[in-house]
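Undergrad: Structure incoming, see below.
The values are calculated or read from the model by the stated rules, or taken from the named source; none is laboratory data. Since the structure is predicted, the reported quantities are computational estimates derived from the model, not experimental observations. Ideal geometry is used to build each Cβ from the backbone, glycine not excepted, and the neighbour counts take in all protein chains shown.
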Amino acid sequence: MQHKKIGVMCGSSDACPEKFLTLAYQVGQELARHELDIIYGGGAKGLMRRVADGGLEAGAQVHGYMPEFMIAVEWQHTNLSELHITQDMSERKYRMMSESDATIFLPGGCGTMEEFFEWLSCKRLGKYIGPLVIFNFEGYYDPLIKLLENMEANNFHNPEHKQMFSVCTQVEDLVATITSAPSWSADAIQFASVRHASKER
């Protein structure tokens, strides 16, 4: 498989329903089963913790990326294959993006959404060309998918831009979704601008 390092973006809440935490653990296990390395935010709580633990317990290499100010309040997972300490959030995101071959977005809050749209924007400009997978567990991301469809319907995205992301709903389909994702070009900036809709005269 050409995608060896998989970024996983997800929430850090322990207060969310247990089903989301279970999902994250299963995703970590599934990636490990396919001998894939995991790149994530380095946290020790919520879905972040469960992804890391699932991967580690099944033999994956799990790399965390965390800014210094979070280390200062001990938010980091202490049993990772490697913990990379960054100066700030911007460096954290840059390194996670540049060092991942594909990225999965599990349920999360505003931080996960910020990351999704930054990754999506970079892909639109050809600065990230790996697969982006929205894991739409039990319809959690239905509103996001509807929003993306609405962007295209109102000519804020071109039809080609729907190929920037894939949607998965089952853990067992995750790796196949990554491997079957449409290819993307570093020259994507050539069609990043939205074309004017043709008008009949």
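Undergrad: Looking only at the stretch 44-59, how many residues end up being touching a strand residue (DSSP E or B) at 6+ places or on another chain (Cβ under 8 Å) and over 16 Å from Ile104 (Cα atoms)?
TA: Qualifying residue count, the stretch 44-59: 2.
Undergrad: Okay, moving on. Go through the stretch 167-196 residue by residue and tally those that are of a type in the set (S, T, N, Q), part of a loop (DSSP other than H, G, I, E, B) and more than 15 Å from Leu132 (Cα to Cα).
TA: 2
Undergrad: How many residues are in a loop (DSSP other than H, G, I, E, B) and either surrounded by fewer than 21 Cβ atoms within 10 Å (Cβ to Cβ) or among the basic types (Lys, Arg) (or both) when one looks only at the stretch 1-25?
TA: The total comes to 10.
Undergrad: Only strands (runs of 3 or more DSSP E) wholly contained in the stretch 26-113 count here; list those with 3 or more residues that are on the phi < 0 side of the Ramachandran plot and surrounded by fewer than 24 Cβ atoms within 10 Å (Cβ to Cβ).
TA: Where strands (runs of 3 or more DSSP E) fall fully within the stretch 26-113 and carry at least 3 residues being on the phi < 0 side of the Ramachandran plot and surrounded by fewer than 24 Cβ atoms within 10 Å (Cβ to Cβ), they are 62-67, 82-86.
Undergrad: Further, regarding this structure: Given the residues Val62, Val27, Val8, which is the only one that is under 16 Å from the mean Cα position of the chain (by Cα), closer than 24 Å to Gly130 by Cβ and free of Cβ contacts under 8 Å to residues at least 60 places away in the same chain?
TA: Selected residue: Val62, the only one of Val62, Val27, Val8 that is under 16 Å from the mean Cα position of the chain (by Cα), closer than 24 Å to Gly130 by Cβ and free of Cβ contacts under 8 Å to residues at least 60 places away in the same chain.
Undergrad: Quickly run through the stretch 142-180 and pick out the residues that are touching a helix residue (DSSP H, G or I) at 6+ places or on another chain (Cβ under 6 Å), modelled with pLDDT of 95 or more and closer than 17 Å to Phe117 by Cα.
TA: Met164, Ser166
Undergrad: Would you tally the residues in the stretch 167-191 being surrounded by 18 or more Cβ atoms within 10 Å (Cβ to Cβ), within 27 Å of Glu138 (Cα to Cα) and among the small types (Gly, Ala, Ser)?
TA: 1
Undergrad: Quick check on my filter: what residues within the stretch 121-150 are under 26 Å from Val194 (Cβ atoms) and either surrounded by fewer than 14 Cβ atoms within 10 Å (Cβ to Cβ) or under 10 Å from the mean Cα position of the chain (by Cα) (or both)?
TA: Correct list: Ser121, Leu125, Pro131, Leu132, Val133, Ile134, Asp142, Pro143, Lys146, Leu147, Glu149, Asn150.
Undergrad: Can you tell me which condition Leu147 does not meet? The list is (1) without any contact (Cβ under 8 Å) to a residue 24 or more places away in the chain; (2) outside any helix (DSSP H, G or I); (3) among the aliphatic types (A, V, I, L, M), and all the others hold.
TA: Unmet condition: (2).
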